[in-house]
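Written out below as C-alpha cells is the structure these notes cover.
The values are calculated or read from the model by the stated rules, or taken from the named source; none is laboratory data. Small disclaimer: the values here were computed from a predicted structure and weren't measured. Please note: Cβ atoms are built from the backbone with ideal geometry, for glycine as well, and neighbour counts cover all protein chains shown. Surface areas here come from the heavy atoms of the whole protein model, side chains and all, with no ligands, DNA or RNA. Shrake-Rupley method; radii C 1.70, N 1.55, O 1.52, S 1.80 Å.
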Amino acid sequence: YEGIKRLVRKEKPDIVITFMHFELFKKMCKVHPKAKHIYFFRSTDLKLRLGDENIKFLIENSNGFLANTKSPIDELKSFSSNLNFPTETIYNSVNLDDFTNKISEELSTQYREKFNLTSNDFVIGYAGRLSEEKSILELFKAVNYLKKKGLIVHLLIAGSIEIETTPNTFYYEEIIDYAKEHLSNQIHFLGWLPNEKLYEFYNALDIGVLLSKYSEGNSMFLLESLSMGTPMIATSIGGNLEMITDGENGFLIDIENVEQNLIQKLETILSNKKQLNQMTLNAINYIKQHHTNDIMVEKFNNFMQNFEQ
C-alpha cells in the first residue's frame, strides 16, 4: 500500500481504479483527492465484506463503481437511491482461442485414457479450492450413492491444498479418506493444473460442478467450462444465478441439502444424457454472446467515457 501511495503521489493520475482492497481505496482517496476514484468490487455480499461504515465512505467518495456481478450494484443502490456516480458490471471473460477453439474429441479421448476412462464413461469435473464451502464431501457422497444404485460416474478433481491461502487440512484429509474408502476407482485427483493445460481437462468432461454453499462471484472455472461446451451443475447463489439458465446451459440446485439435490439432478441427467448435447451448444453460444474479452473491453471502454472530460 505504501509503495502504491508513493507512486500515485509521483504520477498524479487522473483516474485511480482500486480492485477489492478497500483500505487501499480509502488511502488513494486521501492521498490524491483530485483524481477520479473508481472502486472495482470483485465478489458478492457487499455489506458483509465492507460493513456499513465503509459503504458510507464509498458512497461519499467514489466517482464510479464496478463489479463482476450484478448483485453488488443492486445492493449498493439499495443503500442510496440516488447514487451520483456511474456503475457497471464488468464480468470475467474468456479468450476463445484458449478454450472454445480447442474443443477436440481426440483430446478428450487421450486425456481420459490417462485414467483408464472411455468415451462411454460419464465424467464430472471440478476445479478449485478443496474446501468445505465447495461441498466436495457432498459431491463424493452423491457419487457413492449412485454407485450403490449401479450408476457409475467418474470425478476429475483439479486443485491442490498446498497452494491455498487458507487450507482446511482436516477437511482435506476427510475427503481423501472418504475417496479411498468408497470411490478409489472413480475419483481422480489431478493436483494443480496450469491455465495453459486446463483446456485438456475441460475436453474430458461431460459436466462440471460448482457447489458453493455460502457465496460465489464470477467463477472462471464456470465460464471456462461453458466455453468448452461443458454444461454446469451449480448452486443457485451469487454469480451462478447470472451465468446459468436452468435447463439451457446447465442446472441450478438449491443450497439446502446439496447432496440430495445433486443426487436427484444427476439421476435425471444419467437417465437422458442426450439432453446435454443441446446444452453443449447453448453453453458455447452463451459465452460467445456475453463473456468474450472483446465484449468486456468494450463495456469497460464505454464506462470510462463517463470520465473523458
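Send over a whole-number figure in Å² for the accessible area per residue of the range 147-200, probe 1.4 Å.
I get 61 Å² per residue for the range 147-200.
Over the range 56-212, calculate the relative contact order: mean separation of alpha carbon pairs under 8 Å at least 6 apart, over the residue count, as a percent.
That works out to 28 percent.
If you take every DSSP beta bridge whose two residues both sit in the chain, what share of them, in percent to the nearest 5, is antiparallel?
Restricted to the chain, the bridges split so that about 0 percent are antiparallel.
Using Cα extents along the principal axes in Å as the read-out, say which of (1) 66, 40, 36; (2) 63, 43, 38; (3) 75, 52, 35 was calculated from these coordinates.
Only one listed value fits the structure, namely (1).
With θ set to phi - 60° and the Karplus curve 6.51 cos²θ - 1.76 cosθ + 1.60, what are the ³J(HN,Hα) couplings of the range 155-161 in order, to the nearest whole Hz, using x for Gly and Pro?
Values, residue by residue: 10, 10, 10, 9, x, 9, 5 Hz.
Once phi is turned into θ = phi - 60°, what whole-Hz ³J(HN,Hα) does the Karplus curve with 6.51, -1.76 and 1.60 give for every residue of the range 141-151, x standing for Gly and Pro?
5, 5, 5, 5, 4, 5, 4, 5, 8, x, 9
Quote the accessible area belonging to TYR286 in square angstrom, nearest 10, computed with a 1.4 Å probe and with ligands, DNA and RNA left uncounted.
Accessible area of TYR286: about 40 Å².
Taking the Cα-to-Cβ direction at ASP121 and at GLU196 and moving 7 Å from each Cα, how far apart do the two end points lie in nm?
For the pair ASP121/GLU196, the computed spacing is 2.8 nm.
Quick one: pull the percent of accessible area on the range 83-217 belonging to carbon and sulfur, 1.4 Å probe, ligands and nucleic acids left out.
Result for the range 83-217: 46 percent of the exposed heavy-atom area is carbon or sulfur.
Among the aspartates and glutamates, select those whose C-alpha is under 15 Å from the C-alpha of LYS273, and discard any that sit fewer than 8 residues away in the same chain.
ASP121, ASP206, GLU248
With the cut-off at 18 Å, tell me which of the pairs LYS30/LYS56; LYS141/LYS265; LYS26/LYS47; LYS36/LYS70; LYS5/LYS26; LYS114/LYS197 have Cα atoms farther apart than that.
Check vs 18 Å cut-off fails for LYS36/LYS70.
Please work out how much accessible surface ASP98 shows to a 1.4 Å probe, ignoring ligands, DNA and RNA, in Å² rounded to 10.
60 Å²
If the elastic network links every pair of Cα atoms under 10 Å, which of ASN116, ASN95, ASN282 fluctuates the most in the Gaussian network model of the chain?
Result: ASN116 has the largest fluctuation of those listed.
Between the DSSP loop rule and a limit of at most 12 other Cβ atoms within 10 Å, which trypsin sites (Lys or Arg not before Pro) in the range 128-187 are left?
Taking the range 128-187 and a limit of 12 other Cβ atoms within 10 Å, the loop trypsin sites (Lys or Arg not before Pro) found are LYS149.
Residues of the range 189-205 with the amide nitrogen closer than 11 Å to a label point 7 Å from the Cα of GLN110, along Cα-to-Cβ, please.
200, by backbone N distance to the label point.
Per DSSP H run of n ≥ 4, the term is -39500 (n - 2.57); total these for the chain, divide by its residue number, and report the mean residue ellipticity at 222 nm rounded to 500 deg cm²/dmol.
The per-residue figure over the chain is -13500 deg cm²/dmol.
What number, in percent, do you get for the relative contact order of the chain if the mean sequence gap of Cα pairs under 8 Å and at least 6 apart is divided by its residue count?
18 percent
Compute the relative contact order of the range 36-86 as a whole-number percentage, counting only Cα pairs closer than 8 Å that sit 6 or more residues apart in sequence.
With pairs under 8 Å counted, the relative contact order is 46 percent.
Return the single residue from PHE221, PHE189, PHE40 with maximal mean-square fluctuation; model: Gaussian network over the chain, springs between Cα atoms under 10 Å.
PHE189
Could you sort the peptides 101-108, 3-10, 20-27, 121-128 by per-residue average Cβ neighbour count (10 Å cutoff), highest mean leading?
121-128, 20-27, 101-108, 3-10
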